[in-house]
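Visitor: Starting off with a structure, shown below.
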Amino acid sequence: MAHLHGQERSHYVQSMFGRIAERYNLLNRVMTFGQDMRWRRYVVQQAQLSPQGKILDLATGTGDIAFEALKAVPSAQVVGADFAIPMMRVGQKMAQGQQVAWAAADALELPFADNQFDAVVSGYLVRNVIDIPRTLQEQKRILKPGGRIVILDTSPPPDNVLKPFILLHLNFGIPLLGRLIGGKAAADAYTYLPKSTQAFKTPEELTAILQAAGFQNVRYKTFMFGTMAVHRGEKPR
């Protein structure tokens, strides 16, 4: 998977998430020791939705962040978009599935009008796209002036005494859990995902990319020994 680039990599990622859709939520809970839902709630808090606000959960998958937005602000207009259709089909069957407006979408060419959303949030999107600046420009385009972008994604393990143990979990623990819980269909996916984590941007590097894309007041917070980060920025008014 590491040798894939451009559209070939994009197609691989799309197919991969389709294969693991049914077990994706369970695997996330197990691999993060249940912490992933806390991170998603923090993402929604950072979006600062008003009662009538409109939010896009990009790369929504099964809709975890979209559902958290509905719990936090039941009157909000929540849109979930992804290019992995099987993932969204799983989300549509959930308790709040009919309260989300689902949309098939490519993060590099979003099918939404300019200045439409109060917030665009994403979980584990940015490290999987083939053109980070382009998806950030697309998200900025559809945000209203003053609107917020919030990104939850992995970060390479920082250099400290815990790094060897984190790498052990990434390179051996996660692939093993993927095979045990997800079966053969998940084996390559949960080899790819740890590798993409280690090859991704540091929080400081992603901050610089967001600023270069024109976002203001960019800041971030890390979780899980520095291996997860939530970035927040604003579109200029």
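Readers should treat all values here as calculations from the given coordinates under stated rules, not as data from a laboratory. Owing to the predicted nature of the structure, the values given are computational and were not obtained by experimental measurement.
Visitor: Write down the Å³ per residue value for the convex hull defined by the alpha carbon atoms of the chain.
Guide: 111
Visitor: For segment 70-193, compute Rg over Rh where Rg is the Cα radius of gyration and Rh is the Kirkwood radius from the inverse mean 1/r over Cα pairs.
Guide: Across segment 70-193, the Cα-based Rg/Rh ratio is 1.02.
Visitor: With only alpha-carbon atoms in the gyration tensor, what are the semi-axes of the equivalent ellipsoid for segment 55-128, in Å, largest first?
Guide: 17, 15, 11
Visitor: Given segment 91-237, what percent of its DSSP beta bridges are antiparallel, to the nearest 5?
Guide: Looking only at bridges with both residues in segment 91-237, the antiparallel portion is about 70 percent.
Visitor: Still on this model: Grab the alpha carbons of segment 162-234, take their convex hull, and tell me the volume per residue in Å³.
Guide: 104
Visitor: Roughly what angle does helix 132-142 make with the longest principal axis of the chain, taking Cα atoms, 0 to 90 degrees, to the nearest 10?
Guide: 30
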